[in-house]
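Here is the structure we will look at, set down as structure tokens.
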């Protein structure tokens, strides 16, 4: 729309300029043609009627004057001229079509110019103008001075007053024709541009949707990836809670038996072929409103609404049965079977929280695999205590982070250590420190839903990729939100990228609005990110990282927490350091604190 608007403005300006130029050119052309026509008529009159003696000073004989008057009157009538007069150089009238005119005319600048330059002079008189010969019958008049030359000398000047109305009518016609031509072309161009822009916008929209969809898809199998599956399951549970009549959700967790051995013996291409084969069978047998996709390295997750729960086990059994006829063969190997195990669970019978439900399905899958594999098992009601489930879930999430990206796991361990060190320096209570440490290990759990191509990109992210990465805090909060007694951990996950000055994401909290647990994690996260080698840059030294932390105090980070952390790193006997586990003695440090620490931030 902006481009179209700019285009129309340009067309309007161009049209105005074009019409002005066209009108000026047309006006000059019409005026020149009129003058040429009148000059030819005057020359004809002079040749037939005027004698050299007629332009000499002094009055003409009455008979001679009468004859000239008759001829000049005919000239005016035949040429559609309002008034015409032949003037001697001194301004006296030789003849005119107005017999009552004065004997002499006032000399004008154009008259004098015609005498001296021997060139025709013509101009448009102002509206309501008159001539010395008498009143004019038209409000728009062209006055022409036509020199009569004999022997290289101007002997007289013919002055013609012509009605300009016909010329102006022709100009109006030319102006309208130009406008119609220009705006007709502009309209055609605008229509063409509209369709071009609409086609381009449609293509950009499709490409954007394809890009967004690509972030939700596993590149190997083309099915939904881990993050999209978790998001879909969470949405299904929310709908089930709202619609009590359809308040159940079913899910099945499938795992390829002996997948790691297949990779180890025959290579990753063998594992990829097994994954693609299973994905194709799921597409054939899992239909309707079900969501399915690659949940882990060799795991697939299937989610169905209430209407699909009754047939979920049967559909999975069809997939397992279809695999009986599938065999894999690599190089000189024998025909290898491909089997799966599956654990099925339902909401809310096997867990009211998303993470509890997933943990139950995973435990049921483990039971199916423990019985020899190639088995489908449905979760029963004999669930372990909620606290045990929660502990298993948190540890499982930490393992999931490690499986997704080893850097994220190491970074999360460092963040937990640094945050706990700051909390210890501030003498915070033990229960808070325990939750803070858990939050540090889980603060980036949402990155399990970020595409590997973005998470491990060895270069600067595009704006679109950065927007995808920013969503990891929301996805992490979504993953753990239904666990009991986890508010502090959720706050750390959700808000650890908020900034003290309010310029962070996603909720743009500022200052004390940011929960303390998130502010602690923000300091620890910043220090860890700077002192760890990333795909797009090498690690900074500890001294450089401390300098940058101090520079960020009061803008990005809570100044009080930066001071506590930096002073502790510089003065404590056992500060946590990059590349170590836990605390180390001064003899084993990678970096030695200053003997007299002087924090830069007061």
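When 562, 35 are arranged by Cβ crowding within 10 Å, least crowded first, meaning fewest neighbours, the order is 35, 562. Give me the number: length gained by fully extending residue 574 to residue 467, i.e. 0.36 nm times residue separation minus the C-alpha to C-alpha distance, one decimal in nm. Working it through step by step, the gained length comes to 34.7 nm. Stokes-Einstein diffusion for segment 217-383 at 4 °C, viscosity 1.567 mPa s, with a Kirkwood radius from C-alpha pairs, works out to 80 µm²/s. Each of residue 268 and residue 78 was given a label point 7 Å from its Cα along the Cα-to-Cβ line. The distance between the two points is 10.3 nm. Packing, as the average of other Cβ atoms within 10 Å across residues, places the peptides 80-87, 523-530, 63-70 in the order 523-530, 80-87, 63-70, highest first. Model label points for residue 235 and residue 410, set 7 angstrom from Cα along the Cα-to-Cβ axis, are 3.7 nm apart. Using the Cβ-Cβ distance between residue 153 and residue 177 with R0 = 51 Å, the FRET efficiency computed as 1/(1 + (r/R0)^6) comes to roughly 0.70. Ordering 314, 443 from the fewest to the most neighbouring beta carbons within 10 Å gives 314, 443. Here r is the Cβ-Cβ distance between residue 205 and residue 326 and R0 is 56 Å; the resulting FRET efficiency, rounded to 0.05, is 0.90. In terms of surrounding Cβ atoms within a 10 Å radius of their Cβ, 374, 325 rank from fewest to most as 325, 374. For the pair residue 188 and residue 48, label points projected 7 Å from Cα toward Cβ lie 4.9 nm apart. Here the convex hull built on the C-alpha positions of segment 38-169 has a volume of 102 cubic angstrom per residue.
Every number in this text was worked out from the coordinates using simple rules, so none of it is lab data. Worth saying up front: this structure is predicted, and the values here are computed from it rather than measured. Note that each Cβ is placed from the backbone with ideal geometry, even for glycine, and that neighbours are counted across all protein chains shown.
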